[in-house]
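The values are calculated or read from the model by the stated rules, or taken from the named source; none is laboratory data. This one's a predicted model, so the numbers in the text were calculated from it and none came from an experiment. Cβ placement follows ideal geometry from the backbone for every residue including glycine, while neighbour counts extend to all protein chains displayed.
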């Protein structure tokens, strides 16, 4: 059975969701649990982790309500204002919502250095006090921030989204490899194998480049700190769900049955305490 560690849900709003530009017609609409449920039986998917796509408290509450109505949503990665003077109060209030496993900020949309600001570091430290994880979303050219963040907060459970967004359009990966190697040295840093279909040229599946990327990721993190994710529905820009699952299943077939189970579900359950 599979846990998809990275799924988004939204009711499309052209103002709020301005990042979904007009060339992204495939995802300029609502995506709700009933849309994702199609994949459950077809692909032996046990459940998913719903990840924030908007930076608001309303987004977190939206995901909580969806999870209460849809038991296959096993965990939530919400958004929270890490700089708020009422951060601890908010986290205390969230303690009763057991489905909230951690938080994320869309740092790829911020200036380099955003995650290293003192008030952000203090905020992430507070997450750790309340036993929450933190998803790191950065582009390839920002990954040095993740390395420094990991060094400053070595005990915080981190997970890197989308393999750190390697640039599969140019395949210039020298700096990406250096930063990934540094990140993988922290035993509290996990990595999501997700989102790679949209890192190359959309709708051109470069299996060779993807598998070479996976070779490096697996060599650095090892099978016990890697988790399967789709980045649905964003991944629809570069392919489809069945294609991604087939591609990953082909790659992961080199591992033992037990190792495959860790990758597809066990590691996500352990990291997010599902």
Confirm whether residue 12 is within 26 Å of residue 81 (Cβ to Cβ) and part of a loop (DSSP other than H, G, I, E, B).
yes
Among the residues of segment 184-204, which ones are part of a loop (DSSP other than H, G, I, E, B) and surrounded by 17 or more Cβ atoms within 10 Å (Cβ to Cβ)?
186, 194, 195, 199, 200
Quick one: residue 18 ticks every box in (1) more than 18 Å from the chain's Cα centre (by Cα); (2) buried (at least 20 other Cβ atoms within 10 Å of the Cβ) except a single one, so which number is it?
(2)
Looking only at segment 105-113, decide whether some residue is farther than 25 Å from residue 19 by Cβ and either crowded, with 19+ Cβ neighbours inside 10 Å or out of contact with any helix residue (DSSP H, G or I) (no Cβ under 6 Å at 6 or more places or on another chain) (or both).
no
For segment 129-143 the number of residues that are in a helix (DSSP H, G or I) and under 18 Å from the mean Cα position of the chain (by Cα) is 4
Kindly indicate whether residue 117 is surrounded by fewer than 13 Cβ atoms within 10 Å (Cβ to Cβ) and at pLDDT 95 or above.
no
May I ask you to verify whether residue 232 is surrounded by 14 or more Cβ atoms within 10 Å (Cβ to Cβ), closer than 28 Å to residue 11 by Cα and at pLDDT below 95?
no
Return the residues of segment 244-274 that are touching a residue at least 40 places away in the same chain (Cβ under 8 Å) and more than 19 Å from the chain's Cα centre (by Cα); say none if nothing qualifies.
251
Return the only residue of 5, 84 being at pLDDT 95 or above, outside any strand (DSSP E or B), under 30 Å from residue 116 (Cα atoms) and touching a helix residue (DSSP H, G or I) at 6+ places or on another chain (Cβ under 9 Å).
84
